[in-house]
Amino acid sequence: MVDLVIRGATIVDGLGHEPKRADLAVKDGRIAAIGEIKDKGAETVDAGGLVLSPGIVDVHTHYDAQVTWDATLSPSPSLGVTTAVIGNCGFGIVPAPPAARDLVIRNLSVVEGMDLDALRTGIAWDFESFADYMGMLRRRGAYANLAVLAGHSTIRTAVMGESASQRADATPEELAKMKALVADAMAHGAIGLGASYSLNHSGFGGVPMPSTIAPMSELDALVGAMGPRGRGVIAIASGVKTPQELEPMAAKHGRPFFQGTGMAMYNEQEPQRAIKIFDDCAAAIRRGNGLYVQIPCQPLSFDFTMANAYPFYSHSAFDPIKAYSPEQLKPVYRDASWRAKFRENAKNPRPGMIFQGNWDRVMVAVAQKPANAKYVNRYLHEIAAAEHRDPLDVMLDLSLDENLETAFLGRFLNVGDDGVAKLLKHEAGVVALSDAGAHLIYMCDAGFGLHFLARWVRERGDFDIVEGIRRLTSHPADLYGIQNRGRIAVGAQADLLLFDPATVGVSPAERVADLPGGGRRTIRRPTGVHGVFCNGVRTFDGKGYATHAKGPGHVLDRFNASQGRHSAMAAQ
């Protein structure tokens with residue numbers, strides 16, 4: 001008897017083959033047979049023609065802390081994700097020497113929009129080294145497979161303490177220690193190295209995140225410490241670093257770089273900028289050097305209050321006040337000279353910043369006072385024009401009137417479907433950047449895969465269902481060297497998503513108060529999902545999470561070498 005039989009599914013295998021109606025059997029976590037299955041299963045699911053695809057592979061998440069208190073990795077498995085890469089941007093929580101722990105999570109709370117009290121309450125520090133952390137993940141068992149990036153900023157903090165954000169140049173002894181920690185992480189199963197040079201990445205009190213001030217020579221040394229040529233990936237929030245700056249390092253070490261940056265998101269103010277970055281990366285790929293762009297399939301949107309004004313933090317007016325309490329912020333926001341400084345910042349944004357001075361993209365989402373309900377669902381530039389005021393004054397005056405609790409929604413980048421579609425289809429693009437597990441105060445893009453199937457496959461038709469599913473499954477898995485995932489084939493791991501293509505999608509965002517200590521976060525729920533299976537074990541039934549003493553996800557620690565993949569692509 002097999003463990004699971006799914007009967008009568010329309011199988012879309014993630015490998016680009018045409019859909020076919022068939023049964024599927026699972027034994028010991030792997031796909032045992034595809035076709036007409038006569039064996040009985042310990043569990044049988046009647047698919048009734050629903051689409052059965054591989055589970056979604058999310059290569060850009062931030063569940064490093066949440067997994068220590070929430071094995072379900074909510075909400076990602078409910079949204080079809082069966083494999084997640086954590087530690088992105090270099091902002092993990094390991095290595096974790098006791099003296100550095102609170103500094104690491106203070107910075108994490110700001111740069112990734114996390115509830116600091118929840119981090120302090122929820123993380124059980126039963127690990128210190130990378131090996132300890134991987135052991136903790138294996139003991140807990142998550143509801144999705146996990147691959148872990150070593151983190152440049154976290155490693156720098158473990159070695160240099162607070163000076164990691166203050167001093168650009170490490171001493172030779174400090175650099176040697178950092179290299180040893182990278183080598184140790186790779187020896188214990190890291191998928192690669194995460195790093196950031198983003199202008200938008202600031203930590204607690206406005207300090208720069210450590211890796212953002214490190215010279216490129218330090219990153220080069222750490223990439224070189226990863227082991228044999230071709231082993232591991234580099235996931236980098238590249239900021240204003242160009243493909244021309246990154247390609248020599250990719251060529252030198254034979255490792256692919258996966259960039260996430262606002263510079264490579266569609267911006268109708270500079271519509272050619274992003275596509276040029278993609279084209280430059282494609283040229284590098286043809287030269288045999290792996291250079292890719294993580295591209296979101298949703299607008300880069302943030303909901304925020306002026307008590308937590310993350311989208312503006314890369315502007316210098318906010319440098320001294322990022323860690324202020326609401327009571328400390330109020331007199332600053334009233335101050336005419338501070339307003340003048342921010343107004344000047346907004347008129348002169350630098351490339352790569354989230355907010356480009358485009359007040360026509362900032363909407364009032366929730367007003368606290370009935371008298372202000374007239375502003376809801378209106379953009380600041382519209383309100384300002386009607387009232388003959390400046391949009392910045394509208395935002396600040398309204399916020400001060402409501403104790404800094406007015407909620408705003410900013411849609412800053414990746415807006416404009418036709419422009420975004422060209423990037424999503426591009427050979428150098430990887431559909432990613434969900435940021436799942438992070439920015440919980442502001443947004444939840446963990447359902448990026450279901451949104452992709454709804455918007456880009458069903459509604460717009462930019463992709464047919466075969467190519468759409470491939471882009472969410474085997475494409476990222478193969479580029480990252482993740483073995484036997486992202487595909488429906490005999491012998492592959494049974495990571496599966498059962499859904500109705502006519503109704504699949506995500507719900508509007510909603511707020512729940514379920515973080516440790518009662519903190520609030522933003523989540524989305526799936527539509528059209530009928531089942532999610534990780535290694536053949538059901539994690540979500542379309543309505544709720546299955547209950548397991550230990551989650552069925554595997555801790556991934558062995559990966560295909562990267563060099564051959566890029567050479568093969570270059571030859572095509």
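Checked against the criterion of being more than 33 Å from the chain's Cα centre (by Cα) and either in contact (Cβ under 8 Å) with a residue 40 or more places away in the chain or under 20 Å from Phe540 (Cα atoms) (or both), the candidates Ala33, Ala9 yield just one match: Ala33. Any chance region 68-87 includes a residue that's surrounded by fewer than 24 Cβ atoms within 10 Å (Cβ to Cβ), modelled with pLDDT of 95 or more and outside any loop (DSSP other than H, G, I, E, B)? Yes, region 68-87 contains a residue that is surrounded by fewer than 24 Cβ atoms within 10 Å (Cβ to Cβ), modelled with pLDDT of 95 or more and outside any loop (DSSP other than H, G, I, E, B). Within region 126-139, residues that are without any contact (Cβ under 8 Å) to a residue 12 or more places away in the chain sit with their Cβ atoms under 8 Å from residues that are in a helix (DSSP H, G or I), at 6+ positions apart or across chains, in these pairs: Asp126/Asp132; Asp126/Met136. For first residues located in region 442-471 and without any contact (Cβ under 8 Å) to a residue 24 or more places away in the chain and within 16 Å of Leu496 (Cα to Cα), partners that are buried (at least 20 other Cβ atoms within 10 Å of the Cβ) and of a type outside the set (Gly, Ala, Ser) and lie 6+ apart or on another chain with Cβ distances below 7 Å form the pairs Gly468/Phe452; Gly468/Leu453; Gly468/Trp456; Gly468/Val457. Within region 161-185, the set of residues being out of contact with any Phe, Trp or Tyr (no Cβ under 6 Å at 6 or more places or on another chain) and closer than 17 Å to Asn88 by Cβ comprises just one member, Val182. Of everything in region 444-480 that is in a loop (DSSP other than H, G, I, E, B) and buried (at least 24 other Cβ atoms within 10 Å of the Cβ), the residue that is modelled with the lowest pLDDT is Cys444.
Considering only residues that are within 17 Å of Asn88 (Cβ to Cβ) and assigned to a loop (DSSP other than H, G, I, E, B), which ones fall in region 200-213? Correct list: Asn200, His201, Gly203, Met209. When the criteria are applied in full, Ser202 meets the requirement of being of a type in the set (Gly, Ala, Ser), in contact with a Phe, Trp or Tyr (Cβ under 7 Å, 6 or more places away or on another chain) and crowded, with 21+ Cβ neighbours inside 10 Å. Any chance region 308-323 includes a residue that's closer than 30 Å to Arg460 by Cβ and touching a Pro at 6+ places or on another chain (Cβ under 9 Å)? Checked against the condition, which is being closer than 30 Å to Arg460 by Cβ and touching a Pro at 6+ places or on another chain (Cβ under 9 Å), region 308-323 yields no hits at all. Among the residues of this structure, Gly239 does not count as one that is touching a helix residue (DSSP H, G or I) at 6+ places or on another chain (Cβ under 7 Å), of a type outside the set (A, V, I, L, M), in contact (Cβ under 8 Å) with a residue 24 or more places away in the chain and assigned to a loop (DSSP other than H, G, I, E, B).
Tallying residues that are of a type in the set (Lys, Arg) and either farther than 26 Å from Asp478 by Cα or assigned by TED's automatic domain parsing to the domain that holds Met353 (or both) within region 406-458 yields 1. Scanning region 488-546 for residues that are part of a loop (DSSP other than H, G, I, E, B) and either on the phi > 0 side of the Ramachandran plot or hydroxyl-bearing (Ser, Thr, Tyr) (or both) returns Gly491, Thr503, Ser507, Gly528, Asn535, Gly536, Gly542.
The values are calculated or read from the model by the stated rules, or taken from the named source; none is laboratory data. All of these numbers come straight from a predicted model, not from anything done at the bench. Cβ coordinates were reconstructed from backbone atoms using ideal geometry, including for glycine residues, and neighbour counts include every protein chain displayed.
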